[in-house]
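What follows is a set of notes on a single structure, which appears directly below.
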Amino acid sequence: MTGQMAGRVALVTGGSSGIGKATALAFAREGARVVIASRTQETGEQVVRAIREAGGEAIWVRADVTQAAQVESMIQEAMATYGRLDYAFNNAGSGGTGGLVAEMDEKDWDENITAYLKSVWLSMKYEIREMLRQGGGAIVNNSSVDGQRGFPWDPAYSAAKHGVLGLTKSAAMQYAAQGIRINAVCPGWIRTPPVERILAHEPEAERQMILHQPIGRLGRAEEVAEAVVWLCSDRASLVVGTALAVDGGYLCV
């Protein structure tokens, strides 16, 4: 495939469904060779097949990005296959149960912080090492609108997503002069499998979700993917350490 990212390599964690899947397909459409990392082989390989059927190149790598050894192995496999790493979208994560601060179990707190924040740090740790060796790259971390405001239903999730933004900005300052641009996206309510599961049990919840978004609808995974690809592209060459809301106006309310 040809495109603005031809000859480049993109890694997408959590790339087998939802926003990750849409982003993997978008990178491939722009000509990048794609490494799809996830814990579920069947859905991961389905995305690989879709990319290959469209004329692109992709591989699937099994990885639990909360485990350092698996993250290191993920990067090693990407390098062994394609020899470089130009872009990374750190998107994987599924944490523990939310709840009131005074009533949460320590286990649920730890699971949220590990899944949504530690995973991003581990991924960047090994991605940055390879990007430094080759002279540059671009990383986008998936935060949330709840990384920029309080989220009363799940303070651990909100804390982790705030942490992703702090980590993104700090790392961006550390590595910008070495050719690595690091940014984040902050999605609002997006029609993804977790949201679909909520709506399957509570159809009336969609109306409440839409009330938060002045655009009057839920977002699509493809809309977040477009923002990620743009942030990684040369068209965003001066964008460093930003938290780009992709939220239909959620944070304006």
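The values are calculated or read from the model by the stated rules, or taken from the named source; none is laboratory data. This is a predicted model, so every value here is computed, not measured. Here the Cβ is made from the backbone with ideal geometry for all residues, glycine too, and neighbour counts use every protein chain on show.
The table below lists the values:
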| quantity | calculated |
| --- | --- |
| Candidate set from the range 77-121 (those that are among the polar types (S, T, N, Q), under 13 Å from the mean Cα position of the chain (by Cα) and surrounded by 14 or more Cβ atoms within 10 Å (Cβ to Cβ)); member that is nearest to residue 193 (Cα to Cα) | 91 |
| Qualifying residue in the range 125-136 (condition: modelled with pLDDT of 95 or more and within 15 Å of residue 243 (Cα to Cα)) | no |
| Residue satisfying all of: in the range 81-110; in contact (Cβ under 8 Å) with a residue 40 or more places away in the chain and part of a helix (DSSP H, G or I); nearest to residue 235 (Cα to Cα) among these | 82 |
| Residue count for the range 1-12, restricted to those that are of a type in the set (Val, Ile, Thr) and either without any contact (Cβ under 8 Å) to a residue 12 or more places away in the chain or in contact with a helix residue (DSSP H, G or I) (Cβ under 6 Å, 6 or more places away or on another chain) (or both) | 2 |
| Residue selected from the range 76-108 under the condition of a type in the set (A, V, I, L, M, F, W, C) and modelled with pLDDT of 95 or more, by the criterion nearest to residue 158 (Cα to Cα) | 89 |
| Pairs where the first residue, in the range 16-41, is within 12 Å of residue 228 (Cα to Cα) and the second is of a type in the set (D, E, K, R), C-beta under 6 Å, 6+ apart | 22/222 |
| Listing of helices (runs of 4 or more DSSP H) fully contained in the range 137-253 that carry 3 or more residues being under 14 Å from the mean Cα position of the chain (by Cα) and among the acidic types (Asp, Glu) | 221-232 |
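One line per residue, one yes/no per condition, for (1) buried (at least 24 other Cβ atoms within 10 Å of the Cβ); (2) modelled with pLDDT under 95; (3) not acidic (Asp, Glu):
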{"position": "144", "(1), (2), (3)": "yes, no, yes"}
{"position": "150", "(1), (2), (3)": "no, yes, yes"}
{"position": "159", "(1), (2), (3)": "no, no, yes"}
{"position": "165", "(1), (2), (3)": "no, no, yes"}
{"position": "175", "(1), (2), (3)": "no, no, yes"}
